[in-house]
């Protein structure tokens with residue numbers, strides 16, 4: 001929206017006058033003009049009073065930025081049963097659209113403030129996404145002139161961070177770090193695709209793709225992940241047999257590859273140190289063919305409990321979910337030096353997921369980045385104790401910021417000479433994951449996936465091998481033995 005290189009510098013000012021705003025097609029909510037959504041003839045426009053009213057109410061909740069947008073939207077829909085499924089989809093996607101373009105909308109609305117004017121944001125978002133003609137005059141009402149004034153603003157005159165749809169501090173970091181930062185800004189303005197990981201214990205990508213084709217949905221093999229499929233459209237698969245029976249799980253392509261960096265095979269002892277809801281745990285377990293032992297630790301017991309139904313669907317029997325108090329929980333003491341593989345999917349800012357979670361960019365701050373940075377350093381130090389000599393420690397984030405990625409690894413290696421950095425691209429190449437010479441040059445020894453370069457979420461990972469015993473631990477154990 002107004003980014004350099006796009007087709008015009010205005011808020012679609014000329015296109016919307018002809019009804020050709022953002023989006024070449026015109027998604028319709030079933031019964032968009034009525035409660036209940038789905039009875040009677042379809043409305044002539046998307047932006048009816050019914051839809052605008054619900055969109056404004058949903059934005060009123062979300063624009064407070066006091067919680068994740070997906071959680072708040074789920075709560076809103078549970079309280080508003082009159083919305084049909086298509087209506088919910090229309091409202092949700094338009095809320096996300098508004099969040100992706102919130103900086104430029106706010107700039108064009110000034111002196112009005114989005115969080116205090118959610119109805120105007122709702123009207124503008126519909127006009128931008130679908131075209132001005134898709135906004136009914138009954139819905140616009142007395143705000144019609146204000147909407148047209150916002151659409152007429154020349155976003156090309158806005159400050160660079162506004163055009164990039166980012167807060168100043170985050171814009172400055174990304175601009176300084178990436179030569180192709182403008183491409184990154186354009187990429188995060190688009191919604192992410194729906195990626196699936198095929199559970200190799202129960203199915204293969206070809207058979208699953210054929211099953212989707214029978215339902216009229218195109219599922220294409222992924223470029224990098226051998227187990228992945230990317231859907232041509234977003235569909236709700238939660239009730240489909242292919243999902244309920246555990247043949248597929250929803251997981252971004254980049255995330256699937258992080259599981260492969262452990263090169264987990266049969267009969268190993270593996271640890272997912274920050275397992276969360278278990279997406280990477282499930283991928284690791286499938287690569288282990290449900291053999292060996294796979295421990296899934298997390299400090300959030302509620303999130304960890306969310307893994308249980310996914311485990312049942314997956315058919316895995318080698319996973320042991322354990323809630324721990326913190327990264328130095330006493331129960332970890334008996335596991336020091338025992339694991340062949342340890343994954344640290346570290347807490348992070350999530351800046352690699354801005355396509356999926358556009359509200360994150362507005363909820364983050366420099367103070368939060370600094371707090372998370374301290375946690376990352378503590379978590380990797382603790383998890384490293386669990387790796388046996390010759391074992392592998394994989395540190396990963398879904399962040400694109402150097403402070404959370406390369407800087408963490410450099411500091412850790414400076415303090416821990418018993419670990420050495422291994423080539424992540426080489427490890428994946430051995431598993432027939434294709435990278436071009438240009439991609440390998442960009443990554444170096446690390447694993448780096450970016451939305452503008454790889455059409456995935458942003459991911460970072462480093463593979464560290466323990467080549468010697470921890471000197472401090474060896475000295476401690478030696479002293480203990482001598483004291484007996």
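The values are calculated or read from the model by the stated rules, or taken from the named source; none is laboratory data. These figures come from a predicted structure and were not determined experimentally. Every residue, glycine as well, gets a Cβ built from its backbone with ideal geometry; the counts of neighbours run over all protein chains shown.
Observations, loosely collected:
- Given (1) touching a strand residue (DSSP E or B) at 6+ places or on another chain (Cβ under 8 Å); (2) in a helix (DSSP H, G or I); (3) under 29 Å from residue 170 (Cα atoms), number of the condition residue 395 does not satisfy: (2)
- With respect to the stated conditions, residue 86 fails to be surrounded by fewer than 24 Cβ atoms within 10 Å (Cβ to Cβ), at pLDDT below 95 and in contact with a helix residue (DSSP H, G or I) (Cβ under 8 Å, 6 or more places away or on another chain).
- Of the criteria (1) touching a helix residue (DSSP H, G or I) at 6+ places or on another chain (Cβ under 9 Å); (2) buried (at least 19 other Cβ atoms within 10 Å of the Cβ); (3) at pLDDT 95 or above, which one residue 332 fails: (3)
- Test: residue in region 430-441 that is more than 24 Å from the chain's Cα centre (by Cα), under 24 Å from residue 287 (Cα atoms) and surrounded by 22 or more Cβ atoms within 10 Å (Cβ to Cβ): no
- Considering residues of region 175-192 that are under 19 Å from the mean Cα position of the chain (by Cα) and part of a loop (DSSP other than H, G, I, E, B) only, the residue farthest from residue 103 (Cα to Cα): 192
- Test: residue 47 is under 24 Å from residue 138 (Cβ atoms), surrounded by 14 or more Cβ atoms within 10 Å (Cβ to Cβ) and at pLDDT 50 or above: yes
Conditions (1) under 29 Å from residue 65 (Cα atoms); (2) in a loop (DSSP other than H, G, I, E, B); (3) within 22 Å of the chain's Cα centre (by Cα), marked per residue:
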residue: 322; (1), (2), (3): no, no, no
residue: 328; (1), (2), (3): no, yes, no
residue: 333; (1), (2), (3): no, no, no
residue: 337; (1), (2), (3): no, yes, no
residue: 343; (1), (2), (3): no, no, yes
residue: 349; (1), (2), (3): yes, yes, yes
residue: 352; (1), (2), (3): yes, no, yes
residue: 356; (1), (2), (3): yes, yes, yes
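- Members of region 406-424 that are in contact (Cβ under 8 Å) with a residue 40 or more places away in the chain, surrounded by fewer than 19 Cβ atoms within 10 Å (Cβ to Cβ) and more than 13 Å from residue 389 (Cβ to Cβ): 406, 413, 417, 421, 422, 423
This table checks each residue for (1) in contact (Cβ under 8 Å) with a residue 24 or more places away in the chain; (2) assigned to a helix (DSSP H, G or I).
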{"position": "54", "(1), (2)": "yes, yes"}
{"position": "67", "(1), (2)": "no, no"}
{"position": "72", "(1), (2)": "no, yes"}
{"position": "76", "(1), (2)": "no, yes"}
{"position": "81", "(1), (2)": "no, no"}
{"position": "86", "(1), (2)": "yes, yes"}
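- The number of residues in region 272-281 that are buried (at least 23 other Cβ atoms within 10 Å of the Cβ) and part of a helix (DSSP H, G or I) comes to 2.
- Residue within region 155-174 that is in contact with a strand residue (DSSP E or B) (Cβ under 8 Å, 6 or more places away or on another chain), under 30 Å from residue 53 (Cβ atoms) and not in a loop (DSSP other than H, G, I, E, B) present: yes
- Only residues that are part of a strand (DSSP E or B) and surrounded by fewer than 16 Cβ atoms within 10 Å (Cβ to Cβ) were counted across region 230-271, and they come to 1.
Each row is one residue, and each column tells you yes or no for (1) surrounded by 21 or more Cβ atoms within 10 Å (Cβ to Cβ); (2) within 30 Å of residue 404 (Cα to Cα).
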position: 144; (1), (2): no, no
position: 151; (1), (2): yes, no
position: 155; (1), (2): yes, no
position: 159; (1), (2): no, yes
position: 186; (1), (2): no, yes
position: 192; (1), (2): no, yes
position: 195; (1), (2): yes, yes
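- A single entry from 451, 434 fulfils the requirement of being modelled with pLDDT under 95 and more than 24 Å from residue 390 (Cβ to Cβ): 434.
- Out of 69, 103, sole residue that is closer than 19 Å to residue 151 by Cβ, surrounded by 19 or more Cβ atoms within 10 Å (Cβ to Cβ) and either modelled with pLDDT of 95 or more or touching a strand residue (DSSP E or B) at 6+ places or on another chain (Cβ under 7 Å) (or both): 103
- Scope region 282-304; condition assigned to a helix (DSSP H, G or I) and touching a residue at least 40 places away in the same chain (Cβ under 8 Å); matching residues: 282, 283, 284, 286, 287
- Residue check, residue 461 in a loop (DSSP other than H, G, I, E, B) and either modelled with pLDDT of 95 or more or in contact with a helix residue (DSSP H, G or I) (Cβ under 8 Å, 6 or more places away or on another chain) (or both): no
- Flag: residue 337 matches the condition of being over 27 Å from residue 195 (Cα atoms) and surrounded by fewer than 22 Cβ atoms within 10 Å (Cβ to Cβ).
- Residue count, region 108-139 (criterion: part of a helix (DSSP H, G or I), within 13 Å of residue 53 (Cα to Cα) and in contact with a strand residue (DSSP E or B) (Cβ under 8 Å, 6 or more places away or on another chain)): 3
- Check on residue 122, within 20 Å of residue 158 (Cβ to Cβ), modelled with pLDDT of 95 or more and touching a helix residue (DSSP H, G or I) at 6+ places or on another chain (Cβ under 6 Å): no
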